[in-house]
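Before any comments, here is the structure.
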Amino acid sequence: MNLEQLQTKLVAAARSHPPDDHVPYAFEKRILARLAAQPATDVAALWARALWRAAVPCVAVTVLLAILSFTLAASETASAGGDNISQQFEQALLVSGEPLEEIQ
């Protein structure tokens, strides 16, 4: 079938049945009742949901970084000839407490 013939038939059919101006009974009341029945958007609940969803990746990243930090610290102490971290910390404190004349 030709598309132009189909279009003219559809336009003729639409013109033969004009739209009805009749509105169903109590249509406005039904629409307003549906609008009133919908709960209002709770912004605090949306924020809480988003923050709880973001908490899981944050905890995962924290755990991964803690594991990485401990493994790097363990490898540094093993490569430093077995020096204890507390001994390195104590030496760093002692060096920082000396006067500037002795350091130079």
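Rule-based calculations on the coordinates, nothing more; no lab input. From a predicted model like this one, the values you see are computed outputs, not experimental measurements. Every residue, glycine as well, gets a Cβ built from its backbone with ideal geometry; the counts of neighbours run over all protein chains shown.
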A chain fully extended from VAL95 to GLU4 at 0.36 nm per residue, minus the present Cα-Cα distance, gains in nm 23.3 nm
Extension length gain for ARG34 and HIS22 (0.36 nm per residue less Cα distance), in nm, is 2.2 nm
The extension gain from VAL59 to GLN87, computed as 0.36 nm times the residue separation minus the Cα-Cα distance, is 6.9 nm
Here FRET efficiency (C-beta to C-beta, ALA44 to PHE70, R₀ 35 Å, nearest 0.05) is 0.40
